[in-house]
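Readers should treat all values here as calculations from the given coordinates under stated rules, not as data from a laboratory. In this text, all values refer to a predicted model and were calculated from it rather than measured experimentally. Virtual Cβ from ideal backbone geometry, glycine too; neighbours counted across all protein chains shown.
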Amino acid sequence: MAAESLTALPTFWEVEASAEWTTIEFISDLHLDEGTPKTFEALERYLNNTQADAVYILGDLFEVWVGDDSRHEGFEARCVDLLSEAASRFKMGFMAGNRDFLVGVEMLKSCGLMALSDPTVMIAFDQRVMLTHGDALCISDVDYQRFRAQVRNPAWRENFLARPLDERRKAARHIREESERRKREQSAGEYFDVDTATAVRWMHEAGTPVMIHGHTHMPGTNELAPGFTRHVLSDWDADHATPPRIQVLRWQRDGLTRITPQ
């Protein structure tokens, strides 16, 4: 992949929060599927109890999404029902991740979710914050960036979605298996983080001193450069992690805080 395609600046779309809002919350990387029932239940409890004015999902809500026609039955239908009910009570937004990049207009429309471009600059509480899933910034993961360019191509998307649903599910299982194989081949403790210089360039060009992203499953807050801070969202795992990992990033006028919903 050409270096310029990895470092070219994206379009910085902007979303302005309602002036009446007092609390905005962010989650990502829940990787929901039938094999994670406790994580689904944790999300259900959170959405039923949050007092936020808006909840934004910054990618990888699902472990895999093979097309909006899958939403009519089974586990996917349960997810649609949960999201639809929550979106009837407060604002919800969705940004695609590397696992659920095929979530489309029909799915979001049926749930009442707002589509967020990646990246998006959110304006709230007299501040500007950049929201991104984070995978596009992990440019050192060259193999993944090649894959990302392929599957985000409209022609690839059209061809894939034209295949029968069962065939798409089988293809998705293969992709997941390959992803797990690559993880096993990585050295202990090795992971691909966002490229600092590229992230700071995005933030500088968009006039956003703060960035919120997921993807890396390495939650924390750190200064990328003087005056530029990032907050990495936690992944969720109530099925295999001990203790369970369930965390929300809450944004209010006095700043950003991490909370563990009950």
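If I model a spin label at residue 241 and residue 78 as a point 7 Å from the Cα along the Cα→Cβ vector, what separation in nanometres do I get? Taking the simple label geometry, residue 241 and residue 78 are separated by 2.0 nm.
Each Lys and Arg adds +1 at its Cβ and each Asp and Glu adds -1 at its Cβ; summed about the Cα centre, segment 3-259 shows a dipole of about 100 debye.
For the chain, the average shadow cast by the Cα convex hull is 13.9 nm², which is a quarter of the hull's surface. Relative protection proxy for 168-174, 97-103, 131-137, from highest mean packing down: 131-137, 97-103, 168-174 (other beta-carbon atoms within 10 angstrom). The length gained by stretching the chain between residue 201 and residue 174 to full extension, at 0.36 nm per residue less their Cα-Cα distance, is 6.2 nm. Taking segment 93-111 and a reference point 7 angstrom along Cα→Cβ of residue 17, no backbone N atom is nearer than 11 Å. Over segment 59-198, the reciprocal of the mean inverse Cα-Cα separation, the Kirkwood hydrodynamic radius, stands at 16.8 Å.
Selection among 74, 174, 122 by position relative to the dipole of the chain gives 174 as farthest towards the positive end (Cβ unit charges, Cα centre).
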